[in-house]
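So the structure is just underneath, and the comments pick up after that.
FYI, it's all coordinate maths here, none of it is from the lab. Note that this is a predicted model, so its numbers are computed, not measured. Note that each Cβ is placed from the backbone with ideal geometry, even for glycine, and that neighbours are counted across all protein chains shown.
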Amino acid sequence: MTAPRAILAVLPPLVAATRGVGAQVPSTRADRHPIEIGVDAGWSGNATSAFANDQICPSRKTFSGGFRARARLGRWFGTEAVGQYFFGNPDPGCVDALLPPPPPTGPFTRRYDFFDERVTGYPFALTAARLQFVPYAGPAAEVRASIGVGRIWSKHLTVPEAGFAVALGRRMVRLLAEANLWWYRVSEHRITENFQDGQLVSRRDDVAPVRQRTAVWRAGVMFPIRVRTP
């Protein structure tokens, strides 16, 4: 068979195959903007002591449960809304840590710190909005880097955050593992008390912002929702 005849022989099957692929393009492009919803559980071992219910023996451990909704913005980006509810550690950090009493005679100065009541106590809720960058998106795994800002409404506290997440799976349920870092400031009272012969003669209260960082680890499941476009 000559070359022209060979080309003419294979041309009809190629045209038919091309038309078949073209007919499938709309169905693959229809889900270019998928939406995901999910739930998760989290843990942190270095939450600020300001959040502890017990300020005498503060615990820095906290647990959380939450939900999220995510929308993809093209190939490389996405947005996510997150809601988390945080619970304190029920175990006491110590047995007794009372302030020492002043001596009955002579001068004595006592110094101690405590956090503002506005930020103390569990439980509390945090909501956050994030912008995501997706450096890798494979058929069964996806890596997501995010930066965003959260708000603890009951404490009037704004929390910038950044993190990484890995989503595994490509069916109706995807597994999610995530690490986030918060950085924020809380108000701390620095008290200086002067005593003379066991009697308080002066007291100074200096309020200073204290920088804090908290790492939060989460694991959960995501449920993709395909949104078809015409």
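Classification of the range 32-225 by its C-alpha gyration tensor yields a prolate form. The axis ratio a/c (a ≥ b ≥ c) is 1.5 or more, and a/b outweighs b/c. Round to the nearest 0.05 the FRET efficiency obtained for HIS156 and ALA219 when R0 = 30 Å and r is the Cβ-Cβ distance. Computed FRET efficiency for HIS156 and ALA219: 0.50.
Sites listed here are trypsin sites (Lys or Arg not before Pro) in the range 135-218 whose DSSP assignment is loop and whose Cβ has at most 13 other Cβ atoms within 10 Å: ARG170, ARG171.
Kirkwood radius for the range 169-230, taken over all pairs of different Cα atoms as the inverse mean of 1/r, rounds to 17.2 Å. Only the Cβ atoms of Lys and Arg (+1) and of Asp and Glu (-1) were treated as charged; on that basis the dipole of the range 32-225 about its Cα centre amounts to roughly 1080 debye.
The Cβ shell under 10 Å around GLY150 holds other residues with a net charge of +1, Lys and Arg each +1, Asp and Glu each -1. A cut-off under 10 angstrom between Cβ atoms defines the neighbours of ALA140, and their net charge, with Lys, Arg +1 and Asp, Glu -1, is +2. Taking other C-beta atoms within 10 angstrom as a stand-in for reagent exposure, THR127, THR62, THR109, THR120 fall in the order THR109, THR127, THR120, THR62, fewest first. The local environment of VAL82, defined by Cβ-Cβ distances under 14 Å, has a net charge of +1 under the rule Lys, Arg +1 and Asp, Glu -1. The separation of the range 98-126 from the range 154-230, counted between C-alpha centres, amounts to 23 Å. Each of SER154, GLY169, VAL143 was scored by the projection of its Cα onto the charge dipole of the range 106-169, and the greatest displacement toward the positive side belongs to SER154; charges sit on the C-beta of Lys, Arg, Asp and Glu.
Check each of the GluC sites (Glu not before Pro) in the range 41-149 and keep only those in coil by DSSP with at most 15 other C-beta atoms within 10 angstrom; list them in order. Listed in order of number, the matching sites are GLU117.
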